[in-house]
1. Taking interchain pairs and intrachain pairs at least six residues apart, which have beta carbon atoms under 8 angstrom, with the first residue in region 99-122 and farther than 26 Å from GLU75 by Cα and part of a helix (DSSP H, G or I) and the second away from the ligand (no atom under 13 Å from the Cβ) and open to solvent by less than 10 Å² (accessible area, probe 1.4 Å)?
2. Filter region 121-167 down to the residues that are open to solvent by 10 Å² or more (accessible area, probe 1.4 Å) and in contact with a strand residue (DSSP E or B) (Cβ under 9 Å, 6 or more places away or on another chain) and list them by number.
3. List pairs: first residue in region 177-198 and open to solvent by 20 Å² or more (accessible area, probe 1.4 Å), second residue of a type in the set (Lys, Arg) and away from the ligand (no atom under 13 Å from the Cβ) anywhere in the structure, Cβ distance under 7 angstrom, at least six positions apart or on different chains.
4. Checking PHE142 against (1) within 16 Å of the ligand (Cβ to nearest atom); (2) out of contact with any Phe, Trp or Tyr (no Cβ under 9 Å at 6 or more places or on another chain); (3) at positive phi, only one condition comes out false. Which one?
5. Got a number for residues in region 21-50 being of a type in the set (Ser, Thr, Tyr), within 16 Å of the ligand (Cβ to nearest atom) and within 24 Å of VAL107 (Cα to Cα)?
Amino acid sequence: MNKIIDFHTHPFINEGQNICTYRSDVGVSFEDTPKYMKDLGVTTVCGSIINNFTIENMTWSDVEALNNEALKLAEIWRGFYVPGFHVHPHYLKESLAEIERMHKLGVNLIGELIPYGFGWTDYASKAMDEILDLALQYNMIFNFHTMYEDTVDKMVEKHPNNIIVAAHPGEYPDFMGHLERMKKSENYYLDLSGTGVFRQGMLAYGIKKFGAERFLYGSDFPVCNPAVFVGGVGLDSLVSDADKEKVFYTNADALLKRTDNSFYENAE
Ligand SMILES: [Zn+2]
């Protein structure tokens, strides 16, 4: 295995953004993160920055601050980190302007979006339609936290041409929901972060049904242990070496190139 792209992380510059539960005693620092990941074979990390505390009534400037931190980190970690940015359906005008701004900067990854942390609940709202329409115009990837599934179903039905990457396989019923959506949209992908991969046979089953092309390696570092996910994919003899290569690297590489992400183009 030459390279691994971790499609789903939440990197951090300061401790307020470090979502590792055990950070105060044993967490990996911001400075040590690239080495920690590279020692596991991970050559690129993607994703949005989030806070480890809740902000009541989040304003747009709270959202924008996280996006600016991601841009700052992307400069520091050029060649290692592909930044993801937040949009917020309660701030539609600002979100559309943010998509324009990020497009100009060559940042084409939205998310992971986490509605429960930002105070919204509907993936199928009119505002989200406008956000997804503009994202499609700029060929952006839309990575979202799986919840409010009935609205996710509607979103995927309404926007079959958007590149949508769901996060977290979840337990059996959730995973079946993801596979149903794969049937409805050939642009629907699933990153393996969070709950799911520890269920034996889950990944092999998904690959058998839809091919390895729809699955992306992801960990949700630093709230989850990326070693578990590297092993969960890499040591699973139910998955062929050719498919492991696709899940670890080839699929995410193709998506990031297809969307012309300037921070990825500069990757080593
Ligand atoms: Zn996440």
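The values are calculated or read from the model by the stated rules, or taken from the named source; none is laboratory data. Everything quoted here is computed from the prediction, not taken from an experiment. Positions of Cβ are generated from backbone atoms using ideal geometry, with glycine treated the same way; all protein chains shown enter the neighbour counts. With ligands, DNA and RNA removed, areas are computed over all heavy atoms of the protein, side chains included. Shrake-Rupley method; radii C 1.70, N 1.55, O 1.52, S 1.80 Å.
1. As it stands, the answer is PRO115/TYR123, since those pairs meet every condition given.
2. LEU136, ASN139, HIS145, THR146, HIS159, PRO160
3. TYR189/ARG214
4. Answer for PHE142: the failing condition is (3).
5. Going residue by residue through region 21-50, those that are of a type in the set (Ser, Thr, Tyr) are 21-22, 24, 29, 33, 36, 43-44, 48.
Applying the additional criterion that residues be within 16 Å of the ligand (Cβ to nearest atom) yields 21, 33, 48.
Subset that is within 24 Å of VAL107 (Cα to Cα): 33, 48.
Summing the residues that are of a type in the set (Ser, Thr, Tyr), within 16 Å of the ligand (Cβ to nearest atom) and within 24 Å of VAL107 (Cα to Cα) in region 21-50 gives 2.
This table checks each residue for (1) open to solvent by 90 Å² or more (accessible area, probe 1.4 Å); (2) within 23 Å of GLY119 (Cβ to Cβ); (3) assigned to a loop (DSSP other than H, G, I, E, B); (4) within 16 Å of the ligand (Cβ to nearest atom).
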| position | (1), (2), (3), (4) |
| --- | --- |
| PHE12 | no, yes, yes, yes |
| ILE19 | no, yes, yes, yes |
| ASN52 | no, yes, yes, yes |
| ASN57 | yes, yes, yes, no |
| ASN68 | no, yes, no, no |
